[in-house]
1. Report yes if ASP86 is at positive phi and among the acidic types (Asp, Glu), otherwise no.
2. Would you please list the contacts, defined by Cβ atoms under 7 Å and residues six or more apart or on different chains, that run from a residue in region 23-43 that is farther than 15 Å from VAL117 by Cβ to a residue that is among the aromatic types (Phe, Trp, Tyr) and not in a strand (DSSP E or B)?
3. When you look at LEU98, is it closer than 20 Å to LEU18 by Cα, touching a Gly at 6+ places or on another chain (Cβ under 9 Å) and hydrophobic (A, V, I, L, M, F, W, C), yes or no?
4. Do we have any residue at all in region 79-92 that's aliphatic (A, V, I, L, M), surrounded by 11 or more Cβ atoms within 10 Å (Cβ to Cβ) and part of a helix (DSSP H, G or I)?
5. Where the second residue is of a type in the set (Val, Ile, Thr) and in a loop (DSSP other than H, G, I, E, B) and the first is at pLDDT 95 or above and lies in region 98-111, which pairs have Cβ atoms under 6 Å and are six or more apart or on separate chains?
6. Just to verify a result, which residue in region 28-67, among those that are part of a loop (DSSP other than H, G, I, E, B) and modelled with pLDDT of 95 or more, is nearest to GLY125 (Cα to Cα)?
7. GLU74 - would you say it is surrounded by fewer than 18 Cβ atoms within 10 Å (Cβ to Cβ), over 20 Å from GLU136 (Cα atoms) and charged (D, E, K, R)?
8. Please list, ordered by first then second residue, the pairs with beta carbon atoms under 7 Å, 6 or more apart or interchain, first in region 116-139 and of a type in the set (Lys, Arg), second assigned to a strand (DSSP E or B) and modelled with pLDDT of 95 or more.
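The values are calculated or read from the model by the stated rules, or taken from the named source; none is laboratory data. This one's a predicted model, so the numbers in the text were calculated from it and none came from an experiment. Neighbour counts are summed over all protein chains in view; Cβ atoms, including those assigned to glycine, are modelled from backbone coordinates with ideal geometry.
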Amino acid sequence: LVQIAFAGLEKIEGLHILANNIRKRLGIISFYMDHLHFNLAVKLLNDKFGIQVRGGCACAGTYGHFLLDVSHDESNQITQQINFGDLSQKPGWIRLSLHPTMTNDELHFIIDAVQQVQKNHTEWGKDYTYNHKTNEFRHLKEPEDKTELVTKWFDLE
């Protein structure tokens with residue numbers, strides 16, 4: 001599966017696999033795409049294709065700075081922004097986990113979805129709003145406060 005993922009993802013223009021020189025690895029592939037916020041990509045993969053991936057730095061801040069070539073000065077600037085409640089410059093990537101029971105067809109579906117997101121994110125992204133305090137994207141039709149929605153899930157009446 002890892003080799004199929006590498007072969008498919010490497011064909012996507014503007015997609016960069018982190019530590020792409022390490023091919024013998026567990027089924028975890030982290031990548032980012034040019035001109036596309038990692039959390040918007042995560043949201044689009046979920047909303048358009050039902051694909052669950054994770055966005056962010058996955059608790060690997062220092063290693064992430066190394067992988068993304070973030071300098072010490074840039075890191076300090078990002079930290080200052082975060083301290084003032086602005087997460088908009090916080091670096092990150094998309095993490096795809098390959099489960100041992102995943103089929104080749106399922107992986108090809110995911111690769112195709114990633115390619116479609118890279119190709120269409122500018123148009124599809126118009127349906128989302130960005131919150132710099134949380135570094136997350138929300139669909140315009142999605143309620144800002146989900147408390148009532150979640151509470152209804154547990155209503156037995």
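1. no
2. ARG23/PHE6
3. Working: closer than 20 Å to LEU18 by Cα: yes; touching a Gly at 6+ places or on another chain (Cβ under 9 Å): yes; hydrophobic (A, V, I, L, M, F, W, C): yes.
Yes; evaluated as a whole, the condition is true for this residue.
4. yes
5. If the second residue must be of a type in the set (Val, Ile, Thr) and in a loop (DSSP other than H, G, I, E, B), the pairs left are ILE110/ILE51.
6. Step by step, filter region 28-67, then rank; the result is HIS37.
7. yes
8. ARG138/TYR128; ARG138/THR129
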